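Written out below as structure tokens is the structure these notes cover.
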Amino acid sequence: MFDKLLYIETFGCQMNVNDSERIVSMLSELGYAPTNEPSCADMILLNTCSVRGGAEEKVYRRLANLRIYKRDGKKQIIAVGGCVAQQEGEELLCKLPYLDLVIGTHNLHLLPGMVKSAENGERRSETTFIDNEQRLDLFPTIKGESRLSRFVTVMQGCDNFCSYCIVPYVRGREISRRSSDILAEVRTLADEGVREVILLGQNVNSYGLKSGKEPNFAELIHKVSEISGIDRIRFTTSHPKDMSDELIECFANVPKLSGQIHLPAQSGSDAVLKLMGRGYTRSSYLERVARLKAVRPHIVFTGDIIVGFPGETDADFLQTLSLMESVRYIDIFSFVYSPRPGTKAAEFTDELRREEKMSRLGRLMELQRLITKEISKNYIGHTMSVLVEGVGKLPGQISGKADNGRIVNFTGDVSNIGRFVDVRITKAYPNSLLGELKLS
Ligand code: SAH
Ligand code: SF4
Ligand code: F3S
């Protein structure tokens, strides 16, 4: 039934990763099978991100490279989706004559029809926002792909408008999916053999708050945890200002909830947090962290930090380093501030020199490297429950994720894939752990 090949490159966050999964699923019904080789693909789609300036430039460069395949005389559809598509819309079709399709972040359901028109030579752009309940019926679900761990979108969009961030402009207003749809999807996944779900949204903590009809996020987690077959629940991303006591309690009361949380601080300085419009202070952030550590003693934190925000002084930056020392993240994503058109911070005066920003980033990354190393070293000798997801890097090895999200490789039989096993950690690397299977 597959007679065509689809090549997708995905940039940006998990929302895009999840959307790409949906695209693969939808287009399989039109006869497209995924491929890793753009030169032989009948359709090339870039699922783009515009959160930082660099990411956008990368997309333009990548498209310029990919167009060579189109020149080979072969009929090939080139499409751009995701946040750059949403931002630029029809402009992209004007700028890039070899481009066939531009598909916005609210329009995925239109893609099959658009691909059919493109097969007949029509060029189209669809980027209309659907900021009403109609959107709830337009979530294409993923069919026919069995994996052990799967994303489940619980909400889309964002209403927070942090002063630096383009996401609310490219993903639209926050909307929570109906809990009945979410739970039905999770049940179906469980029946297909999925063991872990990752509840996904730009700010999952505010799930349901706007609708009034739905449970809140903590209640949703309880409901998901009642579904048999699903043995581990994760979620991303959390906004610290909406990290309620009730949600924190879930880490005590819901054993299926993973012991890892992504809780982006962005900065450790109150002055900068205020300019960012984050809605929490350094001390309220640290108080949330302390509570989480109290209810789940071995909880692991990851986070995002922006350095060089307009007006960030060296003292502000030192506050960020000291926050990192207090939290002791196992890993962080760190970014140099990048002004985004249309956001509030783009209007702020930014006097910091590029070299200074890069130097701060270097200092921050060095500190994180040391913290990651120390935490990882402490795992040696501990036993972790690992969901085995596949073969490891070396022959004879299998690999999976521990409850705290760390990748663990160890010698073992592939028959363990899909099972939870106990592994004793013997060695720590920056991004993974090595262990040995404990025989029960
Ligand atoms: N919804 C998530 C983040 C989405 S964007 C949250 O609120 O946590 C992912 C990360 O990109 C952000 O956490 C932030 O650290 C970074 N980011 C966003 N806009 C940025 C910008 N203009 N410059 C640099 N980094 C940015
Ligand atoms: Fe961007 Fe802030 Fe929304 Fe996260 S919460 S997506 S950083 S506006
Ligand atoms: Fe990027 Fe869009 Fe995600 S801007 S970070 S892909 S929501």
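For the pair Glu355 and Ala294, what calculated FRET efficiency results from E = 1/(1 + (r/R0)^6), where r is the Cβ-Cβ distance and R0 = 45 Å, to the nearest 0.05?
Step by step, r from the Cβ atoms, then E = 0.60.
Sort out for me the Cα centre separation of the stretch 374-429 from the stretch 1-74, rounded to whole Å.
Each part reduced to its Cα centre gives a spacing of 32 Å.
Which residues' amide hydrogens lie under 5 Å from the amide hydrogen of Gln260, considering only partners 5 or more residues apart or on another chain, with H built in the peptide plane?
Correct list: Val300.
What shape does the stretch 27-149 have by the C-alpha gyration tensor, where a ≥ b ≥ c are the square roots of the eigenvalues, rounded means a/c under 1.5, and otherwise prolate means a/b greater than b/c and oblate the rest?
Here the stretch 27-149 falls in the rounded category.
Between Leu321 and Ala64, what FRET efficiency follows from the Cβ-Cβ distance if R0 is 51 Å, with the result rounded to 0.05?
Efficiency computed from Cβ-Cβ geometry: 0.85.
Counting only DSSP beta bridges with both residues in the chain, what percent are antiparallel, rounded to the nearest 5?
Percentage antiparallel, nearest 5: 30.
Shape of the stretch 291-378 from its Cα gyration tensor (a ≥ b ≥ c, root eigenvalues): rounded if a/c is under 1.5, otherwise prolate when a/b > b/c, or oblate?
Since a/c reaches 1.5 and a/b is larger than b/c, the shape of the stretch 291-378 is classed as prolate.
Among all cysteines in the chain, which have no other cysteine Cβ under 4.7 Å from their own Cβ?
When partners are defined as cysteine Cβ atoms under 4.7 Å apart, the chain leaves Cys13, Cys40, Cys49, Cys83, Cys94, Cys158, Cys250 without one.
How long is the gain from Glu119 to Ala33 if the chain were fully straight, where each residue apart is worth 0.36 nm and the alpha carbon distance is subtracted?
So the extension gain works out to 29.4 nm.
Post the alpha-carbon centroid distance, the stretch 293-346 to the stretch 200-224, in whole angstrom.
Using only Cα atoms, the two centres lie 25 Å from each other.
For His222 and Val336 in one chain, what is 0.36 nm times their gap in residues minus the Cα-Cα distance, to one decimal in nm?
So the chain would gain 37.3 nm between His222 and Val336.
Extending each Cα 7 Å along its Cβ direction at Thr128 and Asp159, get the distance between those two points in nm, one decimal.
2.4 nm
Ignoring ligands, DNA and RNA, please state the percent of accessible area on the stretch 4-126 from carbon and sulfur, probe 1.4 Å.
Carbon and sulfur atoms account for 49 percent of the accessible area of the stretch 4-126.
Describe numerically, in nm with one decimal, the distance between label points set 7 Å from Cα along Cα→Cβ at Ile380 and at Arg419.
So the label points at Ile380 and Arg419 sit 2.9 nm apart.
Would you please calculate the Kirkwood hydrodynamic radius of the chain over all C-alpha pairs and express it in Å, rounded to one decimal?
Final number for the Kirkwood radius of the chain is 23.3 Å.
Run the dipole for the stretch 146-258 about the Cα centre, Lys and Arg Cβ at +1, Asp and Glu Cβ at -1, nothing else charged, and hand back the magnitude in debye, nearest 20.
The dipole of the stretch 146-258 has a size of about 320 debye.
Over the stretch 295-440, what is the percentage of antiparallel beta bridges among all DSSP beta bridges, to the nearest 5?
In the stretch 295-440, approximately 65 percent of DSSP beta bridges are antiparallel ones.
So for the pair Glu436, Glu9, with labels modelled 7 Å out along Cα→Cβ, what separation do we get in nm?
Calculated label separation equals 4.5 nm.
Treat every Asp and Glu Cβ in the stretch 281-362 as -1 and every Lys and Arg Cβ as +1, leave all other atoms uncharged, and give the resulting dipole magnitude about the Cα centre to the nearest 20 debye.
Using only the charged Cβ atoms, the result is roughly 440 debye.
Please say if the stretch 94-162 is rounded, prolate or oblate, where rounded means a/c under 1.5 for a ≥ b ≥ c the square roots of the C-alpha gyration tensor eigenvalues, and otherwise the choice is prolate for a/b larger than b/c and oblate otherwise?
oblate
Work through the residues other than Asp231 whose Cβ is under 9 Å from its Cβ and net out their charges, Lys, Arg +1 and Asp, Glu -1.
It works out to a net charge of +2.
Nearest 20 debye, what's the magnitude of the dipole of the chain about its Cα centre given +1 on Lys and Arg Cβ and -1 on Asp and Glu Cβ?
My answer is approximately 760 debye.
How much accessible area per residue does the chain have, counting only protein heavy atoms and a probe of 1.4 Å, in square angstrom?
Solvent-accessible surface per residue comes out at 43 Å².
Full extension from Asp137 to Glu249: what is 0.36 nm times the residue separation minus their Cα-Cα distance, to one decimal in nm?
37.1 nm
For the chain, what is the calculated [θ] at 222 nm in deg cm²/dmol (nearest 500), taking -39500 (n - 2.57) for each run of four or more DSSP H residues and dividing by its residue count?
-10500 deg cm²/dmol
What does DSSP give for the stretch 68-217 in terms of the percent of beta bridges that are antiparallel, rounded to the nearest 5?
Counting DSSP beta bridges with both partners in the stretch 68-217, the antiparallel share is about 15 percent.
Once each part is reduced to its C-alpha centroid, what is the distance from the stretch 105-147 to the stretch 225-269 in angstrom?
One Cα centre to the other: 30 Å.
The values are calculated or read from the model by the stated rules, or taken from the named source; none is laboratory data. Note that the coordinates shown come from a computational prediction; the quantities given were computed from them, not determined experimentally. Note: ideal-geometry Cβ built from the backbone for every residue, glycine included; neighbour counts use all protein chains shown. Only protein heavy atoms, including side chains, enter the accessible area calculation; ligands, DNA and RNA are left aside. Shrake-Rupley method; radii C 1.70, N 1.55, O 1.52, S 1.80 Å.
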